[in-house]
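Step one of this worksheet: look at the structure below.
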Amino acid sequence: MSQQDLQAVVSQVRRDIVRMVHAVNSGHPGGSLGCVEFLTTLYFDHMKHEPKAFQMDGKGEDLFFLSNGHISPVMYSILARAGYFNVSELATFRKLNTRLQGHPTTHEGLEGIRIASGSLGQGMSVAIGAAQAKKLNGDDRIVYTLHGDGELQEGQVWEAAMYASAKKVDNLISTVDVNAQQIDGSTDEVLAMGSIQAKFEAFGWHVISVAQGNELDAVKSALIEATAATGHGKPVCILLHTEMGNGVDFMMGTHKWHGVAPNDEQLADALSQNPETLGDY
Amino acid sequence: MKKYTDSGSKDTRSGFGAGLEELGKANENVVALCADLTGSLKMNAFADQNPDRFYQVGIAEANMMGIAAGLTIGGKIPFTGTFANFSTGRVYDQIRQSIAYSGKNVKICASHAGLTLGEDGATHQILEDIGLMKMLPHMVVINPCDYNQTKAATIAIAEYDGPVYLRFGRPKVANFTPADAKFEIGKGDMLTEGTDVTIIATGHLVWEALQAAEALETAGVSAEVIGMATIKPLDEKAILASASKTGCVVTAEEHNRFGGLGESVAQTLVTNNPVPQEFVAVNDSFGESGTPAQLMEKYGLNADAIVAAAQKVIARK
């Protein structure tokens with residue numbers, strides 16, 4: 001997809017995110033906005049996948065697992081805009097009887113979701129299982145995950161990281177959204193993790209660091225580089241440095257919009273910064 | 001009454017190992033995962049015969065549950081193996097979110113359940129696992145009674161599409177059910193018919209219940225024994241039919257009285273046909289070190305305890 005078309009998706013997805021959380025006065029806009037460029041590139045430019053014919057087993061397709069399930073607004077918008085389900089369903093986000101639960105789930109059969117997430121730290125293990133099943137099935141496609149940096153404080157992530165390199169799960173690309181923020185403040189204030197890159201390298205991963213994680217070009221080259229690094233005996237990690245709240249100026253540079261919805265005025269401000277490109281839901 | 005004989009004591013975990021070995025040959029989608037307890041879980045035969053379908057995950061049970069969930073996405077039928085404590089309490093949230101809520105076809109196979117783990121003591125003797133697992137929506141919970149039934153149940157759960165908790169134990173116990181019986185999930189086994197009291201038992205306590213029924217017969221009491229391997233979904237029909245005949249019930253299990261089989265039976269009775277019930281179970285306590293027989297006696301989980309409970313419940317009719 002052209003840069004211009006990708007940028008159009010980015011703008012629309014940002015609108016979807018702020019409108020969804022505003023409508024129910026709940027949800028997580030900050031981390032969602034920070035990952036728009038990454039997920040747009042992954043779903044609209046990079047992965048081989050079948051939005052119109054969703055199958056749980058995804059044979060012959062690349063698979064994506066969202067481990068930090070609280071950024072469900074961006075996930076739902078991307079899935080809808082990619083064609084997994086009708087964009088009108090975004091209006092049901094977090095409402096009673098919705099398939100778009102507060103955190104993603106398979107429970108209501110939403111196309112594009114293969115595992116529930118929300119309780120943090122579990123997605124990498126699940127992705128490893130899916131990746132190993134692909135190997136058993138002779139399926140050479142790749143399994144992708146996304147994690148928050150604060151999520152790395154969960155011990156299970158490191159159980160999974162140790163296993164993935166020990167067992168040479170080299171059809172796995174795990175991306176960490178390094179926005180350096182979590183609910184109670186910056187990651188350094190809450191629980192400093194030191195060098196995340198050194199930690200993954202010490203665990204035997206091939207690590208690619210992306211300084212400009214909100215630049216479509218940078219994301220695209222990182223995904224191409226990461227894909228080229230698969231199949232060489234090591235799992236691959238992308239450290240994607242992003243800005244929480246990216247694209248909505250008053251939500252940037254702070255952790256305060258982790259789980260807070262904009263009011264009417266703030267919504268108008270946010271929308272004015274991101275033109276409607278593909279039609280609001 | 002119908003009498004049962006021990007065809008040669010065996011451990012239920014070996015029944016699991018034998019069932020898994022058969023599945024390895026019969027179903028290429030069956031895969032197995034173990035958290036550094038392959039020998040204890042008797043998974044060696046499967047691992048040796050199917051090295052590409054066996055995943056040694058090391059001492060990392062949370063990761064094991066997640067990997068198992070992921071393997072189902074590629075159409076595999078994963079069997080996880082570790083001790084009951086590490087299969088449930090340690091990984092409750094992983095099971096809850098990645099397996100149960102996500103509706104994944106994972107078979108959680110748990111050995112060394114209950115007091116009969118013996119000398120290792122309370123850190124390893126989980127008595128709460130049935131409760132933890134049965135509370136999860138749509139989780140099937142099975143606690144077979146002997147080697148033959150554990151083997152049959154292992155084979156049967158591969159045919160069922162959905163999460164299952166299969167609980168078994170460490171020590172050699174009487175092997176008395178038929179070797180060729182097909183296991184049916186959710187169906188109680190009418191082992192011996194009687195008219196004065198219904199004894200509903202699960203796991204290692206089924207053999208004890210049969211011993212108790214023989215002792216009661218000598219004392220002139222006619223006991224009906226139902227083996228209830230599946231705790232969820234519960235065979236309510238069998239329970240209610242028997243309770244309406246005998247008018248009183250004893251439940252027996254190697255588990256805390258809170259959250260176990262007895263509690264599920266009580267719910268069935270009070271909502272349909274309230275009759276007196278007595279509970280042979282651990283009374284809200286942790287276990288401790290000792291031989292299995294010593295522990296079962298100290299905590300009141302043997303034939304003698306079942307006889308006493310039967311006499312008490314009959315008096316309450």
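The values are calculated or read from the model by the stated rules, or taken from the named source; none is laboratory data. Fair warning: this is a prediction, and the values are worked out from it, not measured in the lab. Backbone-built Cβ (ideal geometry, glycine too); neighbour counts: all protein chains shown.
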When (1) surrounded by fewer than 18 Cβ atoms within 10 Å (Cβ to Cβ); (2) of a type outside the set (A, V, I, L, M, F, W, C); (3) farther than 28 Å from A:GLY58 by Cβ are applied to A:GLN182, the one that fails is (1)
I'd like the full set of residues that are over 17 Å from the mean Cα position of the chain (by Cα), within 15 Å of B:ALA62 (Cα to Cα) and more than 7 Å from every other protein chain (Cβ to nearest Cβ), limited to the stretch A:109-159. A:GLN153, A:GLU154, A:GLY155, A:TRP158
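Within the stretch A:78-123, which residues are among the hydrophobic types (A, V, I, L, M, F, W, C) and part of a loop (DSSP other than H, G, I, E, B)? Write out each step before concluding.
Keep residues of the stretch A:78-123 that are among the hydrophobic types (A, V, I, L, M, F, W, C), which gives A:78-80, A:82, A:85, A:87, A:90-91, A:93, A:96, A:100, A:110, A:113, A:115-116, A:120.
A:PHE85, A:PHE93, A:LEU96, A:LEU100, A:LEU110, A:ILE113, A:ILE115, A:ALA116, A:LEU120, listed by residue number.
Tell me which residues, restricted to the stretch A:202-220, are without any contact (Cβ under 8 Å) to a residue 24 or more places away in the chain and surrounded by 14 or more Cβ atoms within 10 Å (Cβ to Cβ). First the steps, then the outcome.
Initially, the stretch A:202-220 is screened for residues without any contact (Cβ under 8 Å) to a residue 24 or more places away in the chain, giving A:202, A:218.
Once the filter is applied, which keeps residues that are without any contact (Cβ under 8 Å) to a residue 24 or more places away in the chain and surrounded by 14 or more Cβ atoms within 10 Å (Cβ to Cβ), the stretch A:202-220 yields only A:ALA218.
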Considering every residue within the stretch B:18-25, establish whether at least one is buried (at least 24 other Cβ atoms within 10 Å of the Cβ), within 14 Å of chain A (Cβ to nearest Cβ) and farther than 15 Å from A:ALA130 by Cα. no
Checking B:MET1 against (1) within 13 Å of chain A (Cβ to nearest Cβ); (2) surrounded by fewer than 21 Cβ atoms within 10 Å (Cβ to Cβ), only one condition comes out false. Which one? (1)
Boolean, A:SER32 is closer than 22 Å to A:PRO275 by Cβ, out of contact with any Asp or Glu (no Cβ under 9 Å at 6 or more places or on another chain), surrounded by 23 or more Cβ atoms within 10 Å (Cβ to Cβ) and not aliphatic (A, V, I, L, M): yes
Among (1) out of contact with any strand residue (DSSP E or B) (no Cβ under 8 Å at 6 or more places or on another chain); (2) within 21 Å of A:GLN3 (Cα to Cα); (3) in a loop (DSSP other than H, G, I, E, B), there is one condition A:MET193 misses while meeting the rest; what is its number? (2)
If I filter the stretch B:42-57 for residues that are within 13 Å of chain A (Cβ to nearest Cβ) and either under 21 Å from the mean Cα position of the chain (by Cα) or of a type in the set (Gly, Ala, Ser) (or both), do I get at least one hit? no
Hits in the stretch A:241-281 - residues which are among the polar types (S, T, N, Q) and over 24 Å from A:ASP177 (Cβ atoms): A:ASN263, A:SER272
Give the residue that is farthest from the chain's Cα centre (by Cα), with candidates limited to residues of the stretch A:268-281 that are within 14 Å of A:GLN12 (Cα to Cα) and assigned to a helix (DSSP H, G or I). A:SER272
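Right, A:LYS168: away from chain B (no Cβ under 12 Å), closer than 23 Å to A:LYS59 by Cα, surrounded by fewer than 24 Cβ atoms within 10 Å (Cβ to Cβ) and not small (Gly, Ala, Ser) or not?
On the way: away from chain B (no Cβ under 12 Å): yes; closer than 23 Å to A:LYS59 by Cα: yes; surrounded by fewer than 24 Cβ atoms within 10 Å (Cβ to Cβ): yes; not small (Gly, Ala, Ser): yes.
Yes: the conditions hold for A:LYS168.
Being in contact with a strand residue (DSSP E or B) (Cβ under 7 Å, 6 or more places away or on another chain), away from chain B (no Cβ under 14 Å) and either within 25 Å of A:GLY253 (Cα to Cα) or part of a helix (DSSP H, G or I) (or both) is the filter here, so list the residues in the stretch A:171-186 that pass it.
Step one: list which residues in the stretch A:171-186 are in contact with a strand residue (DSSP E or B) (Cβ under 7 Å, 6 or more places away or on another chain), which gives A:171-178, A:180.
From what's left, away from chain B (no Cβ under 14 Å): A:173, A:175-178, A:180.
The answer is A:THR175, A:VAL176, A:ASP177, A:VAL178, A:ALA180.
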Which of the following residues is of a type outside the set (A, V, I, L, M), crowded, with 24+ Cβ neighbours inside 10 Å and without any contact (Cβ under 8 Å) to a residue 40 or more places away in the chain: B:GLN94, B:GLN149? B:GLN94
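This table checks each residue for (1) farther than 24 Å from A:ARG94 by Cα; (2) basic (Lys, Arg).
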position: A:ASP5; (1), (2): yes, no
position: A:VAL9; (1), (2): no, no
position: A:ASP16; (1), (2): no, no
position: A:VAL21; (1), (2): no, no
position: A:ASN25; (1), (2): no, no
position: A:GLY31; (1), (2): no, no
position: A:VAL36; (1), (2): no, no
position: A:LYS48; (1), (2): yes, yes
When only residues in the stretch B:58-95 that are more than 8 Å from chain A (Cβ to nearest Cβ), of a type outside the set (A, V, I, L, M) and assigned to a helix (DSSP H, G or I) count, which is nearest to B:ALA156 (Cα to Cα)? B:SER87
Taking the stretch B:154-178 as the search range and keeping residues that are of a type in the set (Gly, Ala, Ser) and in a loop (DSSP other than H, G, I, E, B), which one is farthest from the chain's Cα centre (by Cα)? B:GLY162
Qualifying position, being modelled with pLDDT of 95 or more and buried (at least 24 other Cβ atoms within 10 Å of the Cβ), among B:GLY194, B:GLY262: B:GLY262
